[in-house]
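As structure tokens, the structure follows; a few thoughts come after it.
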Amino acid sequence: ADFARYLSWGPVTSIEESISFLSDTMFRRQLGDVAGWGLVKKQENRIIGICGFTNWDPESKKAEIGYALARDHWGQGYITEAVNQVIDYGFRSMELNRIEGMCDAEN
């Protein structure tokens with residue numbers, strides 16, 4: 001998808017790449033570097049995006065928030081809803097005191 005050019009990990013184009021990406025993400029989560037969630041469209045029971053934290057530093061209590069959403073779901077409030085929940089989780093459950101976000105100016 002065209003939005004993939006803004007992702008730090010690049011597009012996933014095959015089942016094998018999907019499995020590798022998920023395995024890496026699960027491994028990084030066990031290390032405490034990431035905390036992420038799939039965004040599920042309830043009516044269709046399918047994942048339409050992701051939202052979560054990377055570069056989590058428990059010692060300094062900061063993390064970087066990021067998200068991606070399938071283009072056909074843009075502009076419908078899904079990311080706003082997800083980001084609000086993830087930020088709340090970060091401050092309340094992860095005890096973060098700083099949440100950072102970066103974006104490409106063209107995005």
> Of all residues in the range 46-62 being modelled with pLDDT of 90 or more and within 12 Å of the chain's Cα centre (by Cα), which is surrounded by the fewest Cβ atoms within 10 Å (Cβ to Cβ)?
Replying inline: ILE48
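Here is a list: THR25, THR80. Which entry is in a helix (DSSP H, G or I), among the polar types (S, T, N, Q) and surrounded by 13 or more Cβ atoms within 10 Å (Cβ to Cβ)?
Values: THR80 fails: surrounded by 13 or more Cβ atoms within 10 Å (Cβ to Cβ).
Just a single option satisfies the conditions, and that option is THR25.
If I filter the range 36-45 for residues that are without any contact (Cβ under 8 Å) to a residue 12 or more places away in the chain, under 15 Å from the mean Cα position of the chain (by Cα) and either more than 17 Å from PHE91 (Cβ to Cβ) or part of a strand (DSSP E or B) (or both), do I get at least one hit? It would help to see each step written out before you state the result.
Within the range 36-45, the first condition is being without any contact (Cβ under 8 Å) to a residue 12 or more places away in the chain, and the residues that meet it are 40, 42-45.
Okay, now just the ones that are also under 15 Å from the mean Cα position of the chain (by Cα), so 40.
After this cut, where a residue has to be either more than 17 Å from PHE91 (Cβ to Cβ) or part of a strand (DSSP E or B) (or both) as well, the list is 40.
There is at least one residue in the range 36-45 that is without any contact (Cβ under 8 Å) to a residue 12 or more places away in the chain, under 15 Å from the mean Cα position of the chain (by Cα) and either more than 17 Å from PHE91 (Cβ to Cβ) or part of a strand (DSSP E or B) (or both).
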>> What are the pairs with Cβ atoms under 7 angstrom where one residue, in the range 55-66, is touching a residue at least 60 places away in the same chain (Cβ under 8 Å) and the other, located anywhere, is of a type outside the set (A, V, I, L, M)? Sequence gap at least six, or different chains.
In response: none
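Report yes if some residue within the range 83-97 is in a strand (DSSP E or B), touching a residue at least 40 places away in the same chain (Cβ under 8 Å) and either of a type in the set (A, V, I, L, M, F, W, C) or more than 23 Å from ASP24 (Cα to Cα) (or both); otherwise report no. Give the derivation first.
From the range 83-97, those in a strand (DSSP E or B) are none; that's our starting set.
So far as the range 83-97 goes, no, none of its residues is in a strand (DSSP E or B), touching a residue at least 40 places away in the same chain (Cβ under 8 Å) and either of a type in the set (A, V, I, L, M, F, W, C) or more than 23 Å from ASP24 (Cα to Cα) (or both).
The values are calculated or read from the model by the stated rules, or taken from the named source; none is laboratory data. These numbers were taken from a predicted model, which means no experiment stands behind them. Methodologically, a virtual Cβ is constructed for each residue, glycine included, from the backbone with ideal geometry; neighbour enumeration extends over all protein chains shown.
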